[in-house]
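Here's the structure, in structure tokens; my notes come after.
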Amino acid sequence: MDNRNEEIEIDLVMMAKYLISKWKIVLVLGIIFAALGFTYKFLNYQLSSVPLAEVDKLFKIEREVKQPNGQIQKVESKVSYRVYVEDYESKMAKYNADLDNYKLSKELLSRKVEQAQDLVDEQTKYLEESLIYNSNDDSYFENVYQYVVKENKSGSVDLTQDNTPNPGLSYAMTALSSTEFASNIAKSLNIETDPTFKVIREIFEIKVINKNSFNLIVKGNSVKTLEIVDVCLKDVNNKITDYCKNKYNFDSILISSGIGEIANLKDLQKNEVKKLEELQIELNKAKIDLSSVVEPIKFENYGKLTTLEGYKFNKLLMYFFAGFFGGIFIALCYFTCRYLFEGKLRDENYVSNAFGIVKVCSIYRNRNANILDNSGLKKLGSYIDYLYENGIRSIRFVSTLDKDLCSELSVFLSDVKSRLNADISIISAAEISKAAKADAVILFEKTDISNLNEVVDEVKSILAVKEKISGIVYG
């Protein structure tokens, strides 16, 4: 007979059921350890001679430290709660100051962008509506008027070299530059979308000759435009005439009319395009300046200042749960070890050695086919043949195992029974009386901690009615 131990498998399901059956003890142990952990930390706070706020190395902070080479490096250190709060408030003050600067810069630069955009839009609109800018060599006309305003002084000759316009001449220039005059021309030309009158004002150019005269150059994109402006000029000239009565001699003479100086047109077009480009550059620069203003990044743990009471509560809670789960872990480890090692698990000779029972073989399910292992069945068949050859005709297999495993063994034993024409059957532990009349009794058991006591009781019951047990088969 080959009585060598064969490798067995730990039944995880049985072990899980065993551990679950101990849940009350596991839970109680967890609660006990949780109470111990909570009490330890609570008393540690209450009995400490140092105020909690002054206890060193409770909190971790990060500071920027300048290295000897000039580089700034972030260094972590553990400090007391008081220093932790001071560090947090310092970072919060710096962040708020940076945020205020950011908002102010954002507002100022946004306003600058809006103003630059308005200037670009204004200039673009002007280029679209300008009568002079949109003229060409064949449609650019000029009328040149000479305005003379002299003081009414008889018999006197003015020998001064001062070319500052006299009051009468200044009044004439002011009247020609007035918003009222520009508004009348705009109305006459049906130009209503020029609030600054730039399109109108560029039609006129005043060139002072001396203190008594100036030339007025009227520009237009057609002869008709000049005619309309000429009508509006008559109203202004009448006002100047009324102002000059009895004090000044006023005269307005058209000295030239026709195609204007093309060089003047080209210069105007060139200057206005250049102005638009400069405004566009200023706008782009303002946009770049605005985009470069970045909102300050919140420092780590912003808005998460830990209070001293909150710190104590979290620590007490941590010790409570650490004790609770630690107690559960210890209890599970204890019962797992007890399940694995009490009763010498993996030592299938335990029952055999304790009661002098012959180990026949071990039979397990094949993992792949989910059927009983064939090698173990062969050994069992050989043992039954051995008993049969020695005059054993009735054999009872006694088992506390589940019905499925016993029924699978029963199928095998039926074949052996038919072959030998012997009385072979499987009975439960409750039917020990049937074993007394059999020629031989064989145990079919699993001897882990989950049913070891049952097996021991079963062996004792059989030995009480039967002198000897012929063997044990492990399942």
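For the stretch 290-333: of the residues being hydrophobic (A, V, I, L, M, F, W, C) and either in contact with a strand residue (DSSP E or B) (Cβ under 8 Å, 6 or more places away or on another chain) or part of a loop (DSSP other than H, G, I, E, B) (or both), which is farthest from R82 (Cα to Cα)?
Restricting attention to the stretch 290-333, the residues satisfying the condition of being hydrophobic (A, V, I, L, M, F, W, C) are 290, 293-294, 297, 299, 305, 308, 313, 316-318, 320-322, 324-325, 328-333.
Keeping just the survivors that are either in contact with a strand residue (DSSP E or B) (Cβ under 8 Å, 6 or more places away or on another chain) or part of a loop (DSSP other than H, G, I, E, B) (or both) gives 293-294, 297, 299, 305.
Working: V293: 35, V294: 32, I297: 25, F299: 19, L305: 12 Å.
Once the filter is applied, the top-ranked residue is V293.
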Checklist entry - Taking the stretch 351-374 as the search range and keeping residues that are surrounded by 14 or more Cβ atoms within 10 Å (Cβ to Cβ) and among the polar types (S, T, N, Q), which one is modelled with the highest pLDDT? => result S362
Next on the checklist: Here is a check on your reading of the model: is F320 assigned by TED's automatic domain parsing to the domain that holds K112, touching a residue at least 24 places away in the same chain (Cβ under 8 Å), under 30 Å from K91 (Cβ atoms) and not hydroxyl-bearing (S, T, Y)?
Outcome noted: no
Checklist entry - Give me the pairs: first residue in the stretch 412-439 and closer than 11 Å to I462 by Cα and in the same structural domain as V459 (by TED's automatic domain parsing), second residue β-branched (V, I, T) and part of a loop (DSSP other than H, G, I, E, B), beta-carbon distance under 6 Å, and six or more apart or on different chains, which are they? => result A429/T400
Next on the checklist: Please determine whether any residue of the stretch 41-61 is assigned to a helix (DSSP H, G or I), among the small types (G, A, S) and surrounded by 13 or more Cβ atoms within 10 Å (Cβ to Cβ).
Outcome noted: yes
Next on the checklist: I426 - would you say it is modelled with pLDDT of 90 or more, crowded, with 17+ Cβ neighbours inside 10 Å and touching a helix residue (DSSP H, G or I) at 6+ places or on another chain (Cβ under 9 Å)?
Outcome noted: no
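Has the stretch 205-225 got any residue that is assigned to a helix (DSSP H, G or I) and not hydrophobic (A, V, I, L, M, F, W, C)? Spell out how you get there, then give the answer.
Residues of the stretch 205-225 assigned to a helix (DSSP H, G or I): 223-225.
Retained after the next criterion (residues that are not hydrophobic (A, V, I, L, M, F, W, C)): 224-225.
Checked against the condition, which is being assigned to a helix (DSSP H, G or I) and not hydrophobic (A, V, I, L, M, F, W, C), the stretch 205-225 yields at least one hit.
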Item to check | Among (1) at pLDDT 90 or above; (2) of a type in the set (V, I, T); (3) under 30 Å from N210 (Cα atoms), the one test that T164 misses | outcome: (1)
Item to check | Matching residues, the stretch 235-246, being surrounded by 15 or more Cβ atoms within 10 Å (Cβ to Cβ), more than 28 Å from N264 (Cα to Cα) and of a type outside the set (F, W, Y) | outcome: K239, I240, C244
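Just name the residue that is farthest from the chain's Cα centre (by Cα) out of those in the stretch 106-149 that are within 30 Å of D230 (Cα to Cα) and in a helix (DSSP H, G or I).
Of all residues in the stretch 106-149, those within 30 Å of D230 (Cα to Cα) come to 122-149.
Okay, now just the ones that are also in a helix (DSSP H, G or I), so 122-129.
Numbers: E122: 43, Q123: 45, T124: 44, K125: 45, Y126: 48, L127: 49, E128: 49, E129: 51 Å.
Ranking the candidates gives E129 first.
Inspect all residues belonging to the stretch 49-68 and state whether any of them is free of Cβ contacts under 8 Å to residues at least 24 places away in the same chain, farther than 29 Å from F325 by Cα and under 27 Å from the mean Cα position of the chain (by Cα). I'd like the intermediate steps shown before the answer.
Step one: filter the stretch 49-68 for residues free of Cβ contacts under 8 Å to residues at least 24 places away in the same chain, giving 49-51, 57, 60, 64-68.
Checking which are farther than 29 Å from F325 by Cα leaves us with 49-51, 64-68.
Subsequent filtering for residues that are under 27 Å from the mean Cα position of the chain (by Cα) retains 64.
Within the stretch 49-68, one or more residues are free of Cβ contacts under 8 Å to residues at least 24 places away in the same chain, farther than 29 Å from F325 by Cα and under 27 Å from the mean Cα position of the chain (by Cα).
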Item to check | Selection within the stretch 244-281 - in contact with a Gly (Cβ under 9 Å, 6 or more places away or on another chain) and farther than 18 Å from Q146 by Cβ | outcome: K247
Checklist entry - Which of (1) touching a strand residue (DSSP E or B) at 6+ places or on another chain (Cβ under 9 Å); (2) free of Cβ contacts under 8 Å to residues at least 24 places away in the same chain; (3) assigned to a helix (DSSP H, G or I) is the odd one out, the single condition K103 does not satisfy? => result (1)
Checklist entry - For the stretch 226-261, how many residues are at pLDDT 90 or above and not in a strand (DSSP E or B)? => result 19
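Results for (1) in contact with a Leu (Cβ under 7 Å, 6 or more places away or on another chain); (2) exposed (fewer than 12 other Cβ atoms within 10 Å of the Cβ); (3) within 24 Å of G168 (Cβ to Cβ), shown as yes or no for each residue.
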site: R201; (1), (2), (3): no, no, yes
site: F204; (1), (2), (3): yes, no, yes
site: N215; (1), (2), (3): no, no, yes
site: K224; (1), (2), (3): no, yes, no
site: L233; (1), (2), (3): no, no, yes
Item to check | Filter result (in contact with a Lys or Arg (Cβ under 9 Å, 6 or more places away or on another chain) and under 30 Å from V26 (Cα atoms)) within the stretch 294-330 | outcome: K312, K315, L316, M318, Y319, F320
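Evaluate the stretch 387-401: report whether one residue or more is of a type in the set (F, W, Y) and modelled with pLDDT of 85 or more.
yes
The values are calculated or read from the model by the stated rules, or taken from the named source; none is laboratory data. Worth saying up front: this structure is predicted, and the values here are computed from it rather than measured. So basically every Cβ, Gly included, is an ideal-geometry build from the backbone, and we count neighbours across all protein chains shown.
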